[in-house]
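The values are calculated or read from the model by the stated rules, or taken from the named source; none is laboratory data. Since the structure is predicted, the reported quantities are computational estimates derived from the model, not experimental observations. Reconstructed Cβ throughout: ideal geometry from the backbone, glycine too, with neighbour counts over all protein chains shown.
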Amino acid sequence: MISPDIAELAERSGIAPAYRDVNGNTVHCSEAAITGVLAAMGPCEPSPPDAVVVAWDGELPALADGLHVCDPDGHRFAPGPLPLGYHRLCHGDAQVGTVVSAPRHAPATATGRWGVFLPLYALRAAGGTPQGIATYGDLGGLFDWLHTFGGEVLLTLPLLPLYLDPPADWSPYSPVSRRLWNELYIDLDAAAAAFGVTLPADSPPTVPAPQPVDGLLDYPALHAHHTARLDALAAALHQHPQLQQWLAAHPLAALHARYRGAQALHGRNFRAWPVSREQALAAADPTVVRRHLVGQWLADVQLGEVAAAARRQGQLLALDVALGAHADGFDVWHEGNLFVQDVAVGAPPDPVFMGGQNWGFPPIHPQRSRLTGHRYVRETFRHHLRHAGLLRIDHVMGLFRQWWVPAGLPATDGCYVHYPLDEMFAIVCLEAHLAGAVIVGENLGTVPHEVHQGLAEHHLLGIHVAQDALPSYGTDGMWHAGSGVMAMLSTHDSVPFASFWHGGDIDRAHRLGLVNDGERDRLLGERAHMRERVVRHLAAVGLLQLDAEGNATTEEIMAAVVLEMASMRSEITVFALDDLWLEARSQNVPGTFQEEPNWRHVAALTLDEVAADPRIAGIATAIERRRAAVAGRPARV
């Protein structure tokens, strides 16, 4: 047990001394974990209650004497509901806090919408990928294919900048910044043509781009090739009037470019730079600065064009918000002490990861964030919602609490630190309202009741993964997704359906040492029983035609499962595109880094091949007709 003094400090700092594990058992955190988190947080008094005030639907709660709400010019608002937005909380002429005037409910979406999921890096465009990897413009081709069958939602992984030069970290959930875009997906040929730039004929720009080998991307090679060509383009465009106009509206991008230029000279770890911040920025490598100025501009423009074209077709670009940012990234450097050093965010032990998880990125200090009116959080959501019509919040529980692991301790030895959930939900609802966007919270796994309750209260969608519910198929009714969710067959962290059906996830867990031989055999036996129940049901409801021996192919079973999912009452249903052709490879193996080929698998079929495949066309047509029936509208095919 921890001492009373430490317990009091922990309570004042929002640190939970204990938590309930997945089995409902109370687990007490060690004194080493709590003191380690306290040391990392530093001497910080709890922020004043009025640092952030939430006015739901503009209704201001009672304020302390002497406080009033005013606009940016210092004028007091008239009595009555406040306009929606962020306002100053003042005492006299001094601002002492922030008022978040937010709609209680996020924008709703019609029931019956559907779409597909595919990481952009995995997309193989029609006609091939001359740059070695898909571009923002290639998303337009996938949107057009989806539109042919009435699909409205295209979900992809985070499109944020990454460190791709050695030591490379290409996980989309370890971004350099959560407020900028990934420059690797710029269509350089299209940009050069649009601005009348002729890229140099000498090597390396004209060397053919590295193509996937065995279906796997080589990010460092792609980055080197892409950088050489982007530098040539940036040399011609860095003084272009359109760029200067864009930079005037995006000053953060200019600072980011100088930061990357300083890293090129002094190393990625800004904490070890031999010169001051100001000196490093002043002497930043001009070629690198130009590269990122032009790169961010072109990435924003090209992604924006695709998203706008999709909106005109009634479609939504669905993006994913990463929970954190790379420890050496721009955001952590730029925001100073907002990010807490010497701790990392992760997850406590669970039946799959008994050793817990350490994700390696620093957490945001909850009290310091409140003192800024949660500016960084607001900017993160607003950045994504400039182009996204639907936003998935990865690990939405992070709005309420995050597992902090002090440096030097194992991932099992951490503790939960709480965040002001009501304020976080207010920001999400307000930013969604301002953008007219749909919000989905990834609430899978062990998620506190407060988070589920908040999602429902504010009309934010949760996620239902049908594949996770299949083992209980026919036993407790958990298979069917009702309203209030975005339903998915599988996710980027799970094995695809074809692999799951035959126990590929169990074999993977065995290979990684997460289950022993006996557990593997038991789980495979349970999976066989699940297959029998599912096949019997699908045949009974007329979705599956069995052969004379009472069997069906995996492809037939997949199609039947997909059609039953399409009949559910979920507002949105999303299918991994590669599930439709029975892909067996996983995009990511949770708990591993580059020892597995994570985030590198390209699609087995090009977009041309997808469009020409009559089986995929048949499934997509049937999905649209079932979703139309759910929505009570005419089918679009």
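Figures for the structure shown
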| read-out | value |
| --- | --- |
| Within segment 559-597, tally of residues that are more than 23 Å from the chain's Cα centre (by Cα), of a type in the set (D, E, K, R) and not in a loop (DSSP other than H, G, I, E, B) | 1 |
| Residue selected from segment 288-321 under the condition closer than 19 Å to Arg636 by Cβ and among the polar types (S, T, N, Q), by the criterion nearest to the chain's Cα centre (by Cα) | Gln315 |
| Residue check for Asp21: surrounded by fewer than 13 Cβ atoms within 10 Å (Cβ to Cβ), over 25 Å from Phe339 (Cα atoms) and modelled with pLDDT under 95 | no |
| Pair list, Cβ under 7 Å, 6 or more apart: segment 248-276 residue not assigned by TED's automatic domain parsing to the domain that holds Pro175, other residue of a type in the set (Val, Ile, Thr) and part of a helix (DSSP H, G or I) | Ala257/Val289; Arg258/Val289; Arg260/Val288; Gly261/Val288; Gly261/Val289; Ala264/Val288 |
| Residue tally, condition polar (S, T, N, Q) and in contact with a Gly (Cβ under 9 Å, 6 or more places away or on another chain), over segment 572-587 | 2 |
| Single residue of Ile34, Ile15 found to be farther than 19 Å from Ser369 by Cα, surrounded by 15 or more Cβ atoms within 10 Å (Cβ to Cβ) and aliphatic (A, V, I, L, M) | Ile34 |
| Unique match (being under 20 Å from the mean Cα position of the chain (by Cα) and either in the same structural domain as Ser570 (by TED's automatic domain parsing) or modelled with pLDDT of 95 or more (or both)) among Gly454, Gly482 | Gly454 |
| Matching residues, segment 315-366, being among the acidic types (Asp, Glu), farther than 30 Å from Glu519 by Cα and part of a loop (DSSP other than H, G, I, E, B) | Asp328, Glu335, Asp342 |
| Selected residue (only one of Asp350, Asp320, Asp342 is touching a residue at least 40 places away in the same chain (Cβ under 8 Å) and crowded, with 23+ Cβ neighbours inside 10 Å) | Asp320 |
| So Arg522, is it among the basic types (Lys, Arg) and either modelled with pLDDT of 95 or more or within 23 Å of the chain's Cα centre (by Cα) (or both) | yes |
| Within segment 367-421, considering residues that are under 13 Å from the mean Cα position of the chain (by Cα) and part of a loop (DSSP other than H, G, I, E, B), the one surrounded by the most Cβ atoms within 10 Å (Cβ to Cβ) | Ala388 |
